[in-house]
């Protein structure tokens, strides 16, 4: 059995989980509501403040879907109770970001400022001039939005200028070396 799939998902206080007849799992909590359609092969049950996912056989397709849908349900429960966030760091001479209303205006070395607007389900914060925090209840949307912002100015390997994740390791390259011997 899948090691991830066989673990039950605990339902914290204040979170409601329901499964419809067409295998759609809906999770609601203090931060919002998320839903996910689960493949018909995977059976979803709610017992004693836990969500248990089971599979009918040990085919490779069933094994893969078992772990996948268990983690999707786990991320939905965590998202509506705690939320997700991703921190981006801006590095470079003159590179900075400021929050203006519901958008972040960034100076990234271009001839014009770059503006990124909040979307539904995503909020942006700028605790200082070189940090952007992307927050939301959907792990997928937070990660996708953070990747889009990071893609506006990817980190270059010589000076490490650009936008990177706070836990990202940038491998620096050595610049030109004089040819004299």
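The values are calculated or read from the model by the stated rules, or taken from the named source; none is laboratory data. Here the structure is a predicted model, which is why all the values come from computation and not from measurement. Note: ideal-geometry Cβ built from the backbone for every residue, glycine included; neighbour counts use all protein chains shown.
Going through region 142-156 one residue at a time, which ones are under 17 Å from the mean Cα position of the chain (by Cα) and assigned to a loop (DSSP other than H, G, I, E, B)?
Scanning region 142-156 gives a single hit, 151.
Among the residues of region 141-166, write down those that are more than 18 Å from residue 129 (Cα to Cα) and touching a residue at least 60 places away in the same chain (Cβ under 8 Å).
159
Which is in the same structural domain as residue 90 (by TED's automatic domain parsing) and in contact (Cβ under 8 Å) with a residue 60 or more places away in the chain, of 137, 132?
137
Residue by residue, here is whether (1) loosely packed, with under 14 Cβ neighbours inside 10 Å; (2) assigned by TED's automatic domain parsing to the domain that holds residue 36; (3) within 14 Å of the chain's Cα centre (by Cα); (4) closer than 30 Å to residue 5 by Cβ holds:
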position	(1), (2), (3), (4)
75	no, yes, yes, yes
102	yes, no, no, no
118	no, no, no, no
126	no, no, no, no
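Here are some conditions: (1) touching a strand residue (DSSP E or B) at 6+ places or on another chain (Cβ under 8 Å); (2) loosely packed, with under 15 Cβ neighbours inside 10 Å; (3) within 25 Å of residue 159 (Cα to Cα). Residue 107 meets all but one. Which one does it not meet?
(2) is the only condition that residue 107 fails.
Of all the residues that make up region 5-24, how many are modelled with pLDDT under 90 and surrounded by 15 or more Cβ atoms within 10 Å (Cβ to Cβ)?
Result for region 5-24: 1.
Do the conditions hold for residue 70, that is, is it free of Cβ contacts under 8 Å to residues at least 24 places away in the same chain and either exposed (fewer than 13 other Cβ atoms within 10 Å of the Cβ) or touching a strand residue (DSSP E or B) at 6+ places or on another chain (Cβ under 9 Å) (or both)?
Spelling it out, it is not the case that residue 70 is free of Cβ contacts under 8 Å to residues at least 24 places away in the same chain and either exposed (fewer than 13 other Cβ atoms within 10 Å of the Cβ) or touching a strand residue (DSSP E or B) at 6+ places or on another chain (Cβ under 9 Å) (or both).
List the strands (runs of 3 or more DSSP E) inside region 1-81, counting only whole elements, that have at least 1 residues being over 22 Å from residue 138 (Cα atoms).
43-47, 50-54
Would you check if residue 87 is in contact with a helix residue (DSSP H, G or I) (Cβ under 9 Å, 6 or more places away or on another chain) and either assigned to a helix (DSSP H, G or I) or surrounded by 15 or more Cβ atoms within 10 Å (Cβ to Cβ) (or both)?
yes
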